[in-house]
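Worksheet for the structure shown next.
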Protein chains: 2
Amino acid sequence: MVDGGNKLGKVTIERWDKIDIDLKGPDSKDGYVQVELEAEFLNGNESRKIRAYYAGKGKYTLRFMPEQVGVWTYKTRSNSKELDGQTGSFECVEATGDNRGPVKVRDQFHFAYEDGTAYFPFGTTCYAWIHQPLERQVQTLETLKQAPFNKLRMCVFPKYYSNNADDPDRYPFVQRKDGSFAFDEFNPEFFDHLDQRVEELMALNIEVDLILFHPYDKGHWGFDRMSNEEDKRYLTYMVARYGAYRNIWWSMANEYDYMEEKTLDDWQAYIECVAKQDPYKHLLSIHQGDAFFNNFNEYITHSCVQLGTLKHAVNIGFGVYKAHRDIFGKPVVLDEVGYEGDLMQRWGRNTGQELVDKYWMAAVSGVYMGHGETFQDPDDIIWWAKGGVLKGESPARIGFLRNIIESSGLNGLNPIDKWWILNGAGSNGNYYLFYFGEERLTQWKFELPAFMIESEIVIGSKFKVDLIDTWQMTIIPVDGIFEITEKDRYSHMSGKRPVVELPGKPYMAIRVTKVVEV
Amino acid sequence: MVDGGNKLGKVTIERWDKIDIDLKGPDSKDGYVQVELEAEFLNGNESRKIRAYYAGKGKYTLRFMPEQVGVWTYKTRSNSKELDGQTGSFECVEATGDNRGPVKVRDQFHFAYEDGTAYFPFGTTCYAWIHQPLERQVQTLETLKQAPFNKLRMCVFPKYYSNNADDPDRYPFVQRKDGSFAFDEFNPEFFDHLDQRVEELMALNIEVDLILFHPYDKGHWGFDRMSNEEDKRYLTYMVARYGAYRNIWWSMANEYDYMEEKTLDDWQAYIECVAKQDPYKHLLSIHQGDAFFNNFNEYITHSCVQLGTLKHAVNIGFGVYKAHRDIFGKPVVLDEVGYEGDLMQRWGRNTGQELVDKYWMAAVSGVYMGHGETFQDPDDIIWWAKGGVLKGESPARIGFLRNIIESSGLNGLNPIDKWWILNGAGSNGNYYLFYFGEERLTQWKFELPAFMIESEIVIGSKFKVDLIDTWQMTIIPVDGIFEITEKDRYSHMSGKRPVVELPGKPYMAIRVTKVVEV
């Protein structure tokens, strides 16, 4: 093993941590465009080709996330003599603590960390938090530390929109004297800052759903209307710089279809630009305004959905949410379903109860949901765009739901009878969550599906039931057990105790779990 | 102009009618496989390349549907000397009577005949009616003549399924002595019969949604598990023989995903085989069981959807139906949503009211729906498979809805506020249908959307309202008018008369139409 000019010495890092290998090269803005530098990293039979990014001031960084333990060596190739043929090595050891690796799709509709731990996305949205004054950013991190969220949707580019008209302190591109931007010159200060934010979120076990493009610019800065070449250079830079963070998800765009300068072919090319260059195959999605992107696309790992309706329609979410899952055959994250708040705009004035109701409908439909908050504020500090503090009633209830799902012991909840039962999910034979939305039931007929399910329930099987008040956040066990005494073509029934009594209140759920006799 | 060996004399046909040009060639089963014959049809700048099919007994047929009036000439090319270089001509004149041409997609979510007349699909399903005894087929045609349906889903291949175990009188392929089928030898008797059925349906103004493959065979005859080459030869034959019928729609398969022998790549190839060879670009869809095909596919003209749930959930259809439209951005035909009937299987025991309720939910969601009927019968004559007579209560109500929509004067109903209002469609400013499903409303707040609609409603605009009982099939005009006196960000209101009184019954709708002052 030979260490090159930029020696690492005996460096050891954890699996799925990132290592930055800084090399000295031409100190010129050519670094962004002309200089090409990549390295092959080898560890036994494993190899990864990694492209470097230019960090400015003659510093070229190979940022790498080892996915296998053992000794890794690398060797560079470059069109710059200085940077070509450099070699080095380091050792990768097992992960510790909260380091579970990147999140990937598992079991078709669900997610897991690479170490096998189930990951249930409970995200929130602060589009432009990194573009706010520093003390606000610190406050946002402090809020997130206490909140139940494990994913954050956030934009690389600043946002020019209602309640968001301030210029940020730093831009991703170098600003010329005339105010315009040099799209071929990345601003190291901006990206060092973004690095730091991504790392801070990682420390909080928060996945970063990084929004690479968005339409909330309208030419104000022009980041929404760069040329194809500039867009691809930017995406290449992002993959080189952020791919090695295990908590990165690629969100190609927010409301991609509102970016009128770009065509479907552009998006297809951009998706491929990211997916094919990303050696780690991070999760990738694209969020829509009106027109859905073709989420059957092979590079799109999960369907990120905006679904703004549903306020006027009692319980309507059940079927609609499940439809997205049935159609795309992928994990569905309903990342924008209206926000808890009191804005003039209707999408920004869900009550806490409405939003929590949607969360439960999503849970029993086998899909995931994202949070956002839009309370009016005298200083226009609105969580959904700027972060700050949370004011709503939904986060605590979302945390309550998250605890229930994480303690289910399942890899994910699946509809228990996809053709017929819209409000029940779990794992047939073992675990069921039923949710009743705004219905004020006084009893629920104890009935577990029997049609084309994988695990047959034996007559005599016993189940216990918990009554869940999703708003009051209580779980009250129902005394005794329910025993399966009969079945027909579609259902298992509990003949001796045919119903579960309910309190006639809205937003109730029940949990049915098999009693395992020891 | 030169007439060839097989002279047509002075032949005149209507635009969108078919012409059969029969040529004499090798009398051998080579006609199905070895002999290639095509012709170029020319009319001014228009040209169409048409492939012939072998009709048996040395007869080779060029079947052509002229889409432009004027004199058409043709010239053949063939690898058989006898068939090569034949020429001829005929004249195409304007269409008359009910001949409106083929149906195509118009206005993204809707359909129209080529002559510009709106076409609203109100189809039904008789999968295997052409495989029943002849008297039953005659009876089916008689029933269809009286019924409100203008599309029929039907299979080419016979069906081997519950309540369907009989062998048909004729098969699409020649049967060998050992009972097996020669997949390279089409049976002229079968296809002459199918021709006749297609023509009879055309005479009834019924579009034929021709199902090219289906899984209800399971190797019993083996039409579901021919080789790739055989499948493609069959599809090529079908396009050559049925493409020239203006009332043909290609349904690539019923429940394509239950045909376990075929892969997604096979289906993609089959779709392209049909779409690329079809000179007329007929409508094309593919019907799913569990797993949706990628309906974003460029060759799929509309989304044909099986959506079997919804029975247990009050009003749930509104949002689910609209979701399919929003996702695919194409016309949606919910061609299988459960059948009116009393079968043991739950998909076959919708009440008439349930099915009609679904139809209205579909209508106000801007999508289309298909009918089917499955009443038990001592002789197992069930409409959905075999045709015969209709016994249900839904067809009359479906006809009632069809009349309402056809008399709307619109090209199609579109959701009037896709982000918010799930139960209202029409054309903003002019025409609205609102449907209330199982809700028993005593009044409806008169409110017309104002958010991001194309046509602004002027204060002072007047509307009249009709009360529709969708089950009793009554339309009762509400006395007087409703005048728009105010609007806010999202709604127009009628301040002097703020509500419409309703009778507190389920399955009610209202129609709101602008009063045009003369």
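Restricted to the range A:317-338, and to residues there that are β-branched (Val, Ile, Thr) and under 15 Å from residue B:319 (Cα atoms), the residue that is farthest from the other protein chains (Cβ to nearest Cβ) is A:337. For residue B:313, are the conditions met, namely being modelled with pLDDT of 90 or more, surrounded by fewer than 24 Cβ atoms within 10 Å (Cβ to Cβ) and facing chain A (nearest Cβ under 7 Å)? No, not satisfied. Examine the range A:429-437 for a residue that is aliphatic (A, V, I, L, M), crowded, with 18+ Cβ neighbours inside 10 Å, under 29 Å from residue A:342 (Cβ atoms) and modelled with pLDDT of 95 or more, and state whether such a residue exists. Checked the range A:429-437: no residue is aliphatic (A, V, I, L, M), crowded, with 18+ Cβ neighbours inside 10 Å, under 29 Å from residue A:342 (Cβ atoms) and modelled with pLDDT of 95 or more. Pairing residues of the range A:123-145 that are among the basic types (Lys, Arg) with residues that are part of a helix (DSSP H, G or I) and at pLDDT 95 or above, at Cβ distances under 7 Å and at least 6 apart in sequence or on separate chains, gives A:136/A:386. The combined condition, being out of contact with any strand residue (DSSP E or B) (no Cβ under 8 Å at 6 or more places or on another chain) and of a type in the set (Gly, Ala, Ser), is not fulfilled by residue A:362. For residue A:391, the requirement of being of a type in the set (D, E, K, R), in contact with a Phe, Trp or Tyr (Cβ under 9 Å, 6 or more places away or on another chain) and closer than 30 Å to residue A:159 by Cα is met.
Look at the range A:274-293 and say how many of its residues are hydrophobic (A, V, I, L, M, F, W, C) and either in a loop (DSSP other than H, G, I, E, B) or surrounded by fewer than 19 Cβ atoms within 10 Å (Cβ to Cβ) (or both). Please lay out each step first, then the result.
Here is the first cut: in the range A:274-293, the residues hydrophobic (A, V, I, L, M, F, W, C) are A:274-275, A:283-284, A:286, A:291-293.
After this cut, where a residue has to be either in a loop (DSSP other than H, G, I, E, B) or surrounded by fewer than 19 Cβ atoms within 10 Å (Cβ to Cβ) (or both) as well, the list is A:283, A:286, A:291-293.
Looking only at that region, the number is 5.
Among residues of the range A:491-518 that are surrounded by 13 or more Cβ atoms within 10 Å (Cβ to Cβ), those with a Cβ under 7 angstrom from a residue that is basic (Lys, Arg) and in a loop (DSSP other than H, G, I, E, B), sequence gap 6+ or separate chain, pair up as A:505/A:440; A:506/A:440. Every test in (1) part of a helix (DSSP H, G or I); (2) more than 17 Å from the chain's Cα centre (by Cα) is passed by residue B:296 save one, and that test is (1).
Here is the figure for the range B:132-162: residues that are surrounded by fewer than 21 Cβ atoms within 10 Å (Cβ to Cβ), more than 20 Å from the chain's Cα centre (by Cα), polar (S, T, N, Q) and modelled with pLDDT of 95 or more total 1.
Considering the conditions (1) within 30 Å of residue A:96 (Cβ to Cβ); (2) touching a residue at least 60 places away in the same chain (Cβ under 8 Å), residue A:196 is excluded by exactly one of them, (2). Considering only the range B:364-397, state which residues are buried (at least 24 other Cβ atoms within 10 Å of the Cβ), part of a helix (DSSP H, G or I) and of a type in the set (A, V, I, L, M). Hit for the range B:364-397 is B:385, nothing else.
Going through the range A:370-421 one residue at a time, which ones are under 30 Å from residue A:133 (Cβ atoms) and either in contact with a Pro (Cβ under 9 Å, 6 or more places away or on another chain) or not assigned by TED's automatic domain parsing to the domain that holds residue A:322 (or both)? Reasoning before the result, please.
First pass over the range A:370-421, keeping only residues under 30 Å from residue A:133 (Cβ atoms): A:370-396, A:398-399.
Correct list: A:370, A:371, A:373, A:395, A:396, A:398, A:399.
Within the range A:432-459, track down each residue that is closer than 18 Å to residue A:368 by Cα and touching a Lys or Arg at 6+ places or on another chain (Cβ under 9 Å).
A:432, A:433, A:434
For the range B:94-124, the tally of residues that are part of a strand (DSSP E or B), farther than 24 Å from residue B:355 by Cβ and in contact with a His (Cβ under 9 Å, 6 or more places away or on another chain) stands at 2.
When the range A:467-483 is filtered for residues that are crowded, with 17+ Cβ neighbours inside 10 Å, under 35 Å from the mean Cα position of the chain (by Cα) and closer than 21 Å to residue A:498 by Cβ, the ones remaining, listed by number, are A:467, A:468.
So that you can scan it fast, the table gives a plain yes or no per residue for (1) touching a residue at least 60 places away in the same chain (Cβ under 8 Å); (2) surrounded by 21 or more Cβ atoms within 10 Å (Cβ to Cβ):
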| position | (1), (2) |
| --- | --- |
| A:228 | no, no |
| A:232 | no, no |
| A:245 | yes, yes |
| A:250 | no, yes |
| A:272 | no, no |
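The set of residues in the range A:416-428 that are under 16 Å from residue A:324 (Cα atoms) and at pLDDT 95 or above contains only A:425.
Filtering the range B:286-301 to residues that are away from chain A (no Cβ under 14 Å) and without any contact (Cβ under 8 Å) to a residue 60 or more places away in the chain leaves nothing. Scan the range B:327-363 for residues that are buried (at least 22 other Cβ atoms within 10 Å of the Cβ) and either under 15 Å from the mean Cα position of the chain (by Cα) or assigned to a loop (DSSP other than H, G, I, E, B) (or both) and the total you get is 9.
The values are calculated or read from the model by the stated rules, or taken from the named source; none is laboratory data. Worth saying up front: this structure is predicted, and the values here are computed from it rather than measured. Quick reminder, even Gly has a Cβ in these numbers, built from the backbone with ideal geometry, and neighbours come from all protein chains shown.
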